[in-house]
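Beneath this line is the structure, given in structure tokens, with notes to follow.
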Amino acid sequence: MGLWDKVGSARFAGKDPFFGPDAEYLVEIHEVQFFDSQNTLNKGAQFFKIRGRVVKVAYDPEIDRTQCDPKLDPPTRAGAFAVHMISLSKGDAPLGDIKNFATAVYRGKVHQAGGDPDDQVNPESFGDSEIEPLYGVDQPCAGMFLGLRTTMKITREKKTPFTQHFWQAEEDFTFSLPVQGEIPELSRGENSQTA
């Protein structure tokens, strides 16, 4: 094996951006992880991380997202990888975010199998047996296409902005904003301008 044989499959050292707020995405999921932070600021904090590639992005180009916070990520461009990081150190809200993602995954799987997700997916009964497989070694979510809506919100207490994420199965998702970019060879079904 040569010195540079693994360069083609290596990831850049820079971290992926977060999904930008006030946008709609069709996302190809690449990996889901659950881990303890090694960062000195968050040592021991647990995170649930969803990493995917943006296949299509829609947003209103007239909205200036930097008015609230100049550090906010802009909408993520088509073809780029982005992450949704869920910190479990923030009370019950993160569990709702994970439940939302799991619901989208399981509804998508039932749709793909030709079933009725309204009858077969019950998020109220989710527990370890539904959540742990999502971040397994075999990455069962890899390759799935999910819809994602992001909205910029302001926290009640500190009045700081944050991005709220709402995941949906691809079959349940439709764009309501103008599409600003896509990867045509990966865009699918009614969520594609080229279909």
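The values are calculated or read from the model by the stated rules, or taken from the named source; none is laboratory data. All of these numbers come straight from a predicted model, not from anything done at the bench. Glycine gets a Cβ as well: all are built from the backbone with ideal geometry, and neighbour counts include every protein chain shown.
Odds and ends about this structure:
- Subset of segment 165-183 [loosely packed, with under 14 Cβ neighbours inside 10 Å and either over 17 Å from VAL55 (Cβ atoms) or more than 17 Å from the chain's Cα centre (by Cα) (or both)]: SER176, PRO178
- Any hit, segment 145-163, residues being in a loop (DSSP other than H, G, I, E, B) and modelled with pLDDT of 95 or more: no
- Each residue in segment 121-143 was checked for being surrounded by fewer than 15 Cβ atoms within 10 Å (Cβ to Cβ), of a type in the set (Asp, Glu) and part of a helix (DSSP H, G or I), and 3 pass.
- Selection of segment 101-118 for residues being exposed (fewer than 15 other Cβ atoms within 10 Å of the Cβ) and not small (Gly, Ala, Ser) yields GLN112, ASP116, ASP118.
- Residue that is modelled with the lowest pLDDT, among those in segment 1-57 that are among the polar types (S, T, N, Q) and in a strand (DSSP E or B): GLN46
- Here segment 150-164 is the region considered, the condition is being under 22 Å from ILE98 (Cβ atoms) and not polar (S, T, N, Q), and the residue that is farthest from the chain's Cα centre (by Cα) is ARG156.
- Scanning segment 130-149 for residues that are touching an Asp or Glu at 6+ places or on another chain (Cβ under 6 Å) and on the phi > 0 side of the Ramachandran plot yields a single hit, GLN139.
- When ASN122 is tested against (1) modelled with pLDDT of 90 or more; (2) within 19 Å of the chain's Cα centre (by Cα), exactly one condition is not met: (2).
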